[in-house]
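Just below is one structure, and these are the notes that go with it.
Bear in mind these aren't lab numbers, they're just calculated from the coordinates by the rules spelled out. All figures in this text were calculated on a predicted structure; none of them were measured in a lab. We place every Cβ from the backbone using ideal geometry, glycine too, and count neighbours over all the protein chains shown.
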Amino acid sequence: MDLDRSSSLHARARAFVDAFERGEAAPDFDELACELARYQADHAPGFARLCRARGVEPSALSRAEDVPAVPTDAFKLTRVATFDEAVTQVTFRTSGTTVGARGAHAMRDASTYEAAALAFGRHWLARDFDRPVPVVVLGPSPAAAPDSSLGHMCASFVRAFGEAAPSEETWLVAGDVLDLGTFDARVATALAKGQPMLVLATSFALVHLLDAVGDATFELPAGSRVMQTGGFKGKSREVAADELRTELARIFAIDERSIVAEYGMTELSSQFYERTLFDPAARHGTYAEPPWARVVPVDPESLAPVPEGEVGIAKIVDLMNVDSAVAILTQDRVRRLPGTEGFELLGRAPGAPPRGCSIAIDELLGRA
Amino acid sequence: MERSVETRIAEVRAVALAARAVVDRRDELTAAIVESTGLSAAGVELALTRHLELDASDAELRRLVAQAGDASRVAVILSANVFVGALRAVAIARAASADVVVRPSRRDPTFARALVEAASDPAIRLDEGLDVARVEEGEIHVYGHDATIADIRARLRPNVRLVGHGSGMGVAWITRGADLAVSARGLAEDVVAFDQRGCLSPRIALVEEGTTRTSSRADAFAEALHGELERFGIEIPRGPLPAEERAASDRYVATMTYACRALVGTQHAIGIAPPGAPMVPCPAYRHVHVAACTTEDDALALLEPLARSIVAFGSDDEASARRLAPKWARVSALGRMQRPRLDGPVDLRGGAA
């Protein structure tokens with residue numbers, strides 16, 4: 001462990017966030033990505049092994065796209081960290097699978113993660129608010145899910161954008177049950193005061209809302225917006241993204257463009273957002289990247305970037321992953337379109353298809 | 001007319017004899033089976049000569065008949081990977097009924113067609129266009145992926161019973177007393193058969209270490225297995241790896257390289273898990289996930305989340321294996337996991353509905 005070097009890299013990562021918030025040009029992405037890769041190769045033996053296996057000499061790296069990506073499954077099997085467990089500040093965990101393997105992402109200094117999350121969240125969800133607003137979270141509270149990175153991020157948003165500190169009336173899902181009564185009361189208060197609301201919601205909670213409200217409406221104050229994130233994870237029926245958005249817009253009496261999807265994962269420290277709230281040309285399904293993270297569609301076999309317009313799996317270079325893995329290999333399918341900012345998210349790669357009676361990995365993991 | 005047990009045994013034995021006739025003319029069939037299954041020619045030869053149950057005893061056939069039950073009619077829907085599985089499927093159907101119709105897999109019709117032809121039994125016929133929704137009575141025996149079974153279940157008429165034989169995998173248990181070289185040789189045989197694409201194919205090897213959670217024996221076992229699989233790669237080459245399987249293999253190898261260690265062969269890969277890590281399953285096509293455990297209890301805890309998927313359990317110590325294996329799993333010696341007796345279905349989890 002080299003705390004000075006880590007702290008220095010955190011400072012360089014935060015410089016990206018500072019520059020973004022000031023509207024200035026970002027520092028050199030490739031330079032920091034390669035420096036992080038060198039640091040991680042020095043202090044994470046697994047990453048050093050991966051570099052050797054890929055024939056990559058960290059000291060010779062000059063481009064972010066050449067940094068070997070750590071598959072997200074590695075977070076389930078071992079500690080992906082450059083520092084001793086004793087100095088861990090927070091550990092986020094993925095939701096479980098049927099085989100019981102949960103990925104863990106340990107952080108030595110979560111302030112870098114929080115600064116990045118707040119800056120980009122504010123930019124795509126709340127930049128037009130001239131004062132704090134009522135914020136509700138249709139998801140479990142940090143007390144109920146203390147190792148959820150989403151819960152941690154939502155708590156940060158409540159503190160940063162909310163008119164009141166997080167309270168029992170902020171978190172409206174308990175035991176997968178939506179507290180519609182409290183939600184209704186919060187909305188009534190906001191309507192009476194003419195305040196727009198920020199609703200931070202998991203997809204499964206939104207489906208529970210649809211099912212509870214039915215053909216009725218649940219009108220939000222003008223100017224309100226909804227951040228929708230995560231999958232259904234067997235906690236609700238599955239609803240297609242378009243259908244969910246259309247129904248939510250009807251129920252909440254808001255424009256569909258005010259329903260903004262967020263894409264993130266426990267193994268990352270950065271998030272990505274649909275730009276529909278502030279960019280009239282933006283489409284749903286296309287996500288903006290912060291200047292400190294790049295999503296590169298790669299060929300699933302060669303791991304080489306695919307040509308623009310072609311679908312690949314997402315290799316994500318995240319400069320906020322200072323002490324874990326700067327490059328992550330996901331199983332999500334993405335595409336970059338010519339002349340378009342950001343990337344399209346096309347769902348999870350299905351993995352090797354099941355054939356005959358040989359069980360597929362997805363079946364074993366309960367994610368088929 | 002009610003058929004006696006002895007009659008049924010004789011009828012099943014006739015099916016096994018037909019299979020022997022098919023093996024005898026394998027030179028005519030191998031190219032087509034290679035084409036349809038994706039196995040190498042040597043892999044097809046291995047399957048036909050080592051993994052087809054041709055010498056069942058009367059006692060085994062008696063057990064098969066007892067388990068088969070009784071049906072007015074049985075429609076058999078076959079899967080492709082373990083193409084010789086058609087023998088067991090047809091044998092069970094014939095034991096159950098005097099009216100059997102077989103729908104071969106579209107991906108591998110060759111062996112099933114040859115078997116039905118060789119049987120020359122008026123009670124068994126092929127129907128390659130069989131529509132399960134039009135089956136009016138009796139049972140449908142489906143061999144294949146769970147999604148296929150679910151799809152067929154949804155289309156059945158109400159008075160038709162479905163018996164599903166779904167997807168699964170095998171686990172190897174290498175005890176503290178095992179000779180690692182011998183166990184590795186046996187497990188390699190089980191992995192190589194059908195390119196590890198059957199529901200009995202071992203995908204995980206648990207190695208008992210001793211009282212401390214190290215991985216020295218697991219490492220040594222993995223090295224021995226690596227050598228055996230390399231040797232098999234020359235003798236019995238793996239069939240071509242589809243693109244998505246190559247991607248799954250690369251991802252698994254990268255994961256294990258980061259997490260602990262991966263041994264990558266010409267046609268196989270072995271991942272060695274860090275001590276105490278949860279199970280992360282590996283792909284098929286000659287991949288083995290090797291994990292160390294301290295005791296039987298430790299192994300049980302590691303396997304518990306996967307138990308429902310475990311169809312076969314191989315070990316150097318079958319008594320120890322029986323204490324660990326789910327009650328429905330077939331327990332055998334290493335090297336025999338892919339050669340179950342012809343005494344009933346290979347998948348004993350029970351799939352009737």
Neighbourhood net charge (13 Å Cβ-Cβ; Lys/Arg +1, Asp/Glu -1) for B:L229: -3
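Find the relative contact order for chain B and round it to a whole percent, using C-alpha pairs within less than 8 Å whose residues are 6+ positions apart.
Numbers: 740 pairs, mean separation 67.3, N = 353.
Relative contact order for chain B comes out at 19 percent.
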Order of B:D151, B:D317 under a 10 Å beta carbon neighbour criterion, fewest first: B:D151, B:D317
Cα centroid of region A:232-301 to Cα centroid of region B:10-55, whole Å: 52 Å
Spread of Cα-to-Cα distances over 10 Å intervals beginning at zero, given as percent, for region B:65-159: 17, 53, 29, 1
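Once you compute Rg and the Kirkwood Rh from C-alpha atoms, what is the Rg to Rh ratio for chain A? Can you show the working numbers first?
Working: Rg = 20.5 Å, Rh = 21.4 Å.
Rg divided by Rh gives 0.96.
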Signed unit charges on C-beta, dipole axis of region B:202-298, positive-most listed residue B:G276, B:A291, B:L263: B:L263
Vicinal HN-Hα couplings computed from phi for region B:171-180 (Karplus, 6.51 cos²θ - 1.76 cosθ + 1.60; Hz; Gly/Pro x): 10, 10, 10, 9, 7, 4, x, 6, 7, 5
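Among A:L118, B:L54, A:L50, what is the fewest-to-most ranking by other Cβ atoms within 10 Å?
On the way: A:L118 19, B:L54 15, A:L50 27.
Ordered from fewest to most neighbouring Cβ atoms within 10 Å, A:L118, B:L54, A:L50 come out as B:L54, A:L118, A:L50.
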Inter-centroid distance (Cα atoms) of region B:291-352 relative to region B:196-273, Å: 19 Å
Debye equation applied to the C-alpha atoms of region A:174-244, log10 I(q)/I(0) at 0.13, 0.20 Å⁻¹: -0.39, -0.91
Extreme residue, positive dipole direction of the protein assembly as shown, given options B:G350, B:A193, A:Y113 (C-beta unit charges): B:G350
Around A:T88: net Lys/Arg minus Asp/Glu count, Cβ-Cβ under 13 Å: -2
Residue-by-residue Karplus 3J(HN,Hα) for region A:220-229, coefficients 6.51, -1.76, 1.60, Hz, glycine and proline x: 8, x, 4, x, 6, 8, 10, 9, 10, 8
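Starting from the Cα-Cα distance between A:A165 and A:E310, subtract it from 0.36 nm times their residue separation and give me the gain in nm to one decimal.
Values: separation 145, 0.36 × 145 = 52.20 nm, distance 4.49 nm.
Full extension of this stretch gives 47.7 nm more.
Counting other C-beta atoms within 10 Å, which of B:D219, B:D195, A:D255 has the fewest, and how do the rest follow?
Working: B:D219 17, B:D195 28, A:D255 11.
Going from sparsest to densest Cβ surroundings: A:D255, B:D219, B:D195.
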Region A:112-291, Cα convex hull volume normalised per residue, Å³: 114 Å³
Debye, to nearest 20: dipole size of region A:112-291, +1 on Lys, Arg Cβ, -1 on Asp, Glu Cβ: 320 debye
Cβ-defined net charge surrounding A:S6, 14 Å radius [Lys, Arg +1; Asp, Glu -1]: -2
Degrees separating the helix A:110-121 axis from the principal Cα axis of chain A, which is the longest one: 50 degrees
Rounded Å value of the spacing that divides the Cα centres of region B:173-187 and region A:155-222: 58 Å
Shape of region B:5-165, Cα gyration tensor, a/c cut at 1.5: oblate
Residue of A:P297, A:P338, A:P140 that the Gaussian network model of chain A assigns the largest fluctuation, springs spanning Cα pairs under 10 Å: A:P338
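Rounded to the nearest 20 Debye, what is the dipole magnitude of the protein assembly as shown about its Cα centre when Lys and Arg each give +1 and Asp and Glu each give -1 at the C-beta? If you can, show how the numbers build up before the last one.
Details: 80 positive and 100 negative charges, 232 e Å.
Using Cβ point charges on Lys, Arg, Asp and Glu, the protein assembly as shown gives about 1120 debye.
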Three-way shape call for the protein assembly as shown based on the alpha-carbon gyration tensor, with the a/c threshold at 1.5: prolate
Net charge dipole size for region A:183-279 [Lys, Arg +1 and Asp, Glu -1 on Cβ; Debye, nearest 20]: 300 debye
Positive-end extreme of charge dipole, chain B - chosen from B:V34, B:I204, B:N159 (charges on Cβ): B:N159
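Compute and list, largest first, the equivalent-ellipsoid semi-axes of region B:166-214 from the alpha carbon gyration tensor, each √(5λ) rounded to a whole angstrom. Walk me through the numbers on the way to the answer.
Values: eigenvalues 107, 34, 8 Å².
One finds semi-axes of 23, 13, 6 Å for region B:166-214.
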FRET efficiency for B:A154 and A:R348, using Cβ-Cβ distance with R0 set to 35 Å, rounded to 0.05: 0.90
Between helix A:203-213 and chain A: long-axis angle, C-alpha atoms, 0 to 90°, nearest 10: 10 degrees
For region B:122-129, 3J(HN,Hα) per residue [Karplus equation, 6.51 cos²θ - 1.76 cosθ + 1.60, θ = phi - 60°, Hz, x = Gly/Pro]: x, 7, 10, 9, 8, 9, 6, x
Neighbour cut-off at most 16 other Cβ (10 Å), DSSP loop, trypsin sites (Lys or Arg not before Pro), region A:99-202: A:R102, A:R127
